[in-house]
Amino acid sequence: GAGVSQSPSNKVTEKGKDVELRCDPISGHTALYWYRQSLGQGLEFLIYFQGNSAPDKSGLPSDRFSAERTGGSVSTLTIQRTQQEDSAVYLCASSLRGNSPLHFGNGTRLTVT
Amino acid sequence: ELKVEQNPLFLSMQEGKNYTIYCNYSTTSDRLYWYRQDPGKSLESLFVLLSNGAVKQEGRLMASLDTKARLSTLHITAAVHDLSATYFCAVDLSNAGGTSYGKLTFGQGTILTVHP
């Protein structure tokens, strides 16, 4: 079946610009996560959505980062005023429930020049 | 702060040999994951270990969990080239109220290369 879908797969942007990254989770999965993978920091948790509950935003590195999840399905991660240190692969994952294994998408590779 | 440390970080093996990757973590958790990542690809779930003494096996890979020692191992038996990848362990810290919800802290990853 269809897995977690992320778009775009690659994004190059200039420093200071805003970017939006999209995640389409597996149908029926109620939990959605954003993680970031970079050479210097490894894999880091960013944010978690579960149904209509308030999201756990504890991993967002600064107030330039925000995410929303509309209709309990698609999620968008927005980075405002991008900086070079934001360059990384942004991974989205979903799970059937919060305590089920996470299924990861292929990621969006963000490069800030 | 939870720390998850893998050892070794780089592993070069010959086909047919056995080896173990270790994952130590610094705080209590009873939920540990192993993932595999191929170059340029995303993470593939291998094992979920949910309790002390849990052991799971799939093909040439076997994972175990000792929550008292805060240690998980991933054992590779008779390695083959197809096992070459990066392996991550991840600990679920989100045990609030007894319900974990997938807020994972990952180890650094072990890059495994299997040579003929």
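The values are calculated or read from the model by the stated rules, or taken from the named source; none is laboratory data. Note that the structure is predicted; figures quoted are calculated from it, not measured. As a convention, Cβ positions derive from the backbone with ideal geometry for all residues, glycine included, and neighbour counts pool all protein chains shown. Calculation scope for accessible area: heavy atoms of the full protein, side chains included, ligands and nucleic acids excluded. Shrake-Rupley method; radii C 1.70, N 1.55, O 1.52, S 1.80 Å.
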- Counting only residues that are over 21 Å from B:Lys3 (Cα atoms) and not acidic (Asp, Glu), the stretch B:55-86 contains a total of 17
- Message: I want to confirm something. Restricting to the stretch A:81-113 and keeping residues that are assigned to a loop (DSSP other than H, G, I, E, B) and within 15 Å of A:Ile47 (Cβ to Cβ), which single residue is modelled with the highest pLDDT?
- Response: A:Gly105
- Query: If we keep just the residues of the stretch A:2-17 that are open to solvent by 30 Å² or more (accessible area, probe 1.4 Å) and either under 14 Å from the mean Cα position of the chain (by Cα) or within 17 Å of A:Val74 (Cα to Cα) (or both), which is modelled with the lowest pLDDT?
  - Reply: A:Ala2
- Query: When you look at B:Ser45, is it hydroxyl-bearing (Ser, Thr, Tyr), in contact with a Cys (Cβ under 6 Å, 6 or more places away or on another chain), on the phi < 0 side of the Ramachandran plot and crowded, with 17+ Cβ neighbours inside 10 Å, yes or no?
  - Reply: no
- Among what's in the stretch A:88-113 and is polar (S, T, N, Q) and within 9 Å of chain B (Cβ to nearest Cβ), pick the residue that is surrounded by the most Cβ atoms within 10 Å (Cβ to Cβ). A:Ser95
- Item | Qualifying positions in the stretch A:58-75 - under 18 Å from A:Thr30 (Cβ atoms) and surrounded by 13 or more Cβ atoms within 10 Å (Cβ to Cβ) | A:Ala67, A:Arg69, A:Gly72, A:Ser73, A:Val74, A:Ser75
- Query: Among (1) in contact (Cβ under 8 Å) with a residue 40 or more places away in the chain; (2) acidic (Asp, Glu); (3) surrounded by fewer than 18 Cβ atoms within 10 Å (Cβ to Cβ), where does A:Glu85 come up short?
  - Reply: (1)
- Return yes when A:Glu20 is without any contact (Cβ under 8 Å) to a residue 12 or more places away in the chain, in a strand (DSSP E or B), surrounded by fewer than 18 Cβ atoms within 10 Å (Cβ to Cβ) and away from chain B (no Cβ under 11 Å) and no when it is not. no
- Do you know which of the residues in the stretch B:91-116 that are modelled with pLDDT of 95 or more and aliphatic (A, V, I, L, M) is most open to solvent (accessible area, probe 1.4 Å)? B:Ile111
